[in-house]
Amino acid sequence: NKWETQMELVRKSSPLTMFLTLLRTVIPPKCWSCHQWLSAGRSGPAYPYVCRSCFGSLPWSDPEFSCTQCGLQTAEPNRLFCPHCIEKQFCFDRLWAGFRYESMVQQWIVSFKYGKSEHLARMLGRILSASLERFQEVPAYDAIVPIPLHQKRLLQRGFNQAMLLAYFAFPDPSRIRCRWLKRIRSTDPQTELPLAQRIDNMKDAFEASPDVEGKQILLVDDVITTGATLNAAARCLKESGAASVNTVVLARRMISNKGGIHS
């Protein structure tokens, strides 16, 4: 199975990874943002990838001023629903977004997904994990379900970015269930469509396993813009009997309540 093979490759340290680990004991790594040498003695939460200064200046989401339903920035603290949520009527119960989709985080994600930079998965998983520590309440879950790619897209890209993020962000990867949600229809890339067409593009795109019945599901993806993909996946999971569906994404692309993209 393609998913199981990919997970097994992630679990095992490749010869290159072992060599780089050994090399790091002699030559310190550089920050992937400012390119300064990193010292293990002054390592920060994202060592050996990002220095303390760059780590602190990442475009972190503000948990207090983020809509708990869709992750958009709000003027009021602890806003449960914003106008965007009321208009869209999301099927997932709540969303946690680690960062705003801008600056270095945006560059890393674009390089990760479209530049075949699979090596960025470890660093992005690390900062996603760190971002979740800023939220007071992260939901209990029975299983982590990464947003799947259609087989055609998976063969083109070579990896599922959501699965890799989940593996490196959460302490117990054995709870990842890639087979519980399948993309059964090859859809157009969401980034290539106008916002108004993205919902229709995702209709009937997923199929859920009977195993989700009664389970608390945590959906994981890299970026949310309109929420059409996550919403379609959450709807499918709930129609198959999932008790709850919460979502975690690395970055939230900010849009206005009128649909305009901020970044």
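The values are calculated or read from the model by the stated rules, or taken from the named source; none is laboratory data. None of the values given here were measured: they were computed from a predicted structure. All accessible areas refer to the heavy atoms of the entire protein, side chains included, with ligands and DNA or RNA removed. Shrake-Rupley method; radii C 1.70, N 1.55, O 1.52, S 1.80 Å.
Results, tabulated for the structure shown:
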{"read-out": "Accessible area of residue 182 in the full protein assembly, 1.4 Å probe (Å², nearest 10)", "value": "110"}
{"read-out": "Heavy-atom SASA rank of 131, 103, 57 (probe 1.4 Å, accessible area, largest first)", "value": "57, 103, 131"}
{"read-out": "Computed accessible area, residue 135, all protein chains, 1.4 angstrom probe, square angstrom", "value": "30"}
{"read-out": "Segment 127-171 - accessible surface per residue (Å², probe 1.4 Å)", "value": "41"}
{"read-out": "Ranking by accessible area, most exposed first, for 172, 211, 222 with a 1.4 Å probe", "value": "211, 172, 222"}
{"read-out": "Ranking by accessible area, most exposed first, for 104, 254 with a 1.4 Å probe", "value": "104, 254"}
{"read-out": "Unsatisfied cross-links (Cα-Cα over 29 Å) in the set 152/238; 116/182; 88/215; 30/182; 88/113", "value": "30/182"}
{"read-out": "Value of Rg/Rh across segment 30-186 [Cα atoms, Kirkwood radius]", "value": "0.98"}
{"read-out": "Rounded if a/c under 1.5, otherwise prolate or oblate - segment 100-159, Cα gyration tensor axes", "value": "oblate"}
{"read-out": "Exposure of residue 27 as accessible area (Å², to 10), given a probe of 1.4 Å and all protein chains", "value": "80"}
